[in-house]
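See structure below.
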Amino acid sequence: MLVKYRIPLKYLLRFVYLDAAIVFMVSMFVFFFVRKVDFPIIPLGIPTFMGTAISLLLAFKLGQSYDRWWEARKVWGAIVNDSRSLVLQALNFHKEGKCEQTERIAMRQAAFAHSLGQSLREQSAVKGIEGFVSSEELTRVSKHKNVPLALMNEHSRDLKQMLESGKVNEYQQIQIDQTLVNLVSSMGKAERIKNTVFPTSYRLFLHVFIYVFIVLLAIALAEIDRLWEIPMLVSISLPFFMLEKTAAYLQDPFENRPTDTSMTSIAKTIEINLKQLLDREDLPDPEPVQEFYVM
């Protein structure tokens with residue numbers, strides 16, 4: 001997630017350097033072509049109208065992409081809240097308070113947060129959770145394709161044992177079970193965002209329209225008869241391409257990019273909160289800011 005207003009120029013240009021090079025070559029071609037061939041000059045109003053239409057399309061796409069990114073952030077906010085609630089319920093409902101079983105639930109919940117983030121980024125879902133769960137439990141969950149779901153199943157097993165052994169009553173069991181349901185629901189929402197592809201045809205058509213707009217503008221400006229028309233066209237095209245790239249990155253918030261939802265940072269926050277509830281001192285450092293973003 002971007003955390004600074006001043007983003008390095010090299011990061012922004014990395015989005016559009018290839019498009020800028022293509023626009024430069026197209027502008028050069030049009031500049032010399034319309035002068036060597038008796039090509040009719042189109043009115044400036046035509047590319048102006050098309051540029052306005054593209055701006056509206058970009059605004060719509062940016063809004064839709066930001067909605068997806070914001071929904072992902074809300075999902076992880078719910079995971080933070082439910083993780084805290086789960087451990088608070090386990091510690092205060094359990095007749096023995098802080099014990100081996102409640103500590104196991106708390107540490108497993110921290111593992112769930114780390115595992116889900118890595119899974120959404122298509123990384124190893126079991127990497128780094130060895131210190132949170134026992135070796136036997138790690139072996140069990142590693143056999144599953146959906147490791148975060150397997151960790152939720154381990155929670156359910158513990159909850160069943162707590163009810164059967166009389167450590168919690170039925171009302172308390174229902175409360176904890178509802179928290180688990182909320183966590184599984186949030187996980188499903190995050191997976192839906194990850195697996196639902198934003199229509200690629202929309203991006204392709206918009207990309208083509210921007211190039212058509214640049215070509216029409218180059219023809220309309222042919223009467224200027226100055227080479228500075230070419231860098232001017234490149235400069236005009238850059239904001240369009242930057243906005244289009246920004247929308248494309250925001251629409252996929254789980255791709256291990258600077259524009260991602262900061263799942264690693266959130267998972268560490270959950271880990272710190274839960275360990276403090278257990279009065280543990282082995283707290284990790286918060287996720288460091290990497291120049292202008294945090295993962």
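Throughout, read-outs are computed from the coordinates displayed, never taken from laboratory work. Keep in mind the model is a prediction, meaning the values are calculated, not measured. We place every Cβ from the backbone using ideal geometry, glycine too, and count neighbours over all the protein chains shown.
Within region 159-183, how many residues are surrounded by fewer than 19 Cβ atoms within 10 Å (Cβ to Cβ), part of a helix (DSSP H, G or I) and of a type in the set (S, T, Y)?
1
When you look at L206, is it hydrophobic (A, V, I, L, M, F, W, C) and closer than 16 Å to F15 by Cβ, yes or no?
Considered against the rule, which asks whether it is hydrophobic (A, V, I, L, M, F, W, C) and closer than 16 Å to F15 by Cβ, L206 comes out as yes.
Let me spell it out: the conditions are (1) under 20 Å from the mean Cα position of the chain (by Cα); (2) of a type outside the set (K, R); (3) buried (at least 16 other Cβ atoms within 10 Å of the Cβ), and Q89 meets all of them except one. Which number is the exception?
(1)
Within region 251-278, restricting attention to residues that are in contact with a Lys or Arg (Cβ under 7 Å, 6 or more places away or on another chain) and among the hydrophobic types (A, V, I, L, M, F, W, C), which residue is surrounded by the most Cβ atoms within 10 Å (Cβ to Cβ)?
So, considering only residues that are in contact with a Lys or Arg (Cβ under 7 Å, 6 or more places away or on another chain) and among the hydrophobic types (A, V, I, L, M, F, W, C), the one surrounded by the most Cβ atoms within 10 Å (Cβ to Cβ) is F254.
Do we find a residue being among the charged types (D, E, K, R), closer than 24 Å to L217 by Cα and assigned to a helix (DSSP H, G or I) anywhere in region 37-57?
no
Check S156, S119, S186 and return the single one that is in a helix (DSSP H, G or I), of a type in the set (S, T, Y), surrounded by 17 or more Cβ atoms within 10 Å (Cβ to Cβ) and without any contact (Cβ under 8 Å) to a residue 40 or more places away in the chain.
It is S119.
Take the residues in region 189-205 that are without any contact (Cβ under 8 Å) to a residue 12 or more places away in the chain and outside any helix (DSSP H, G or I); name whichever of them is farthest from S115 (Cα to Cα).
Out of the qualifying residues, it is P199.
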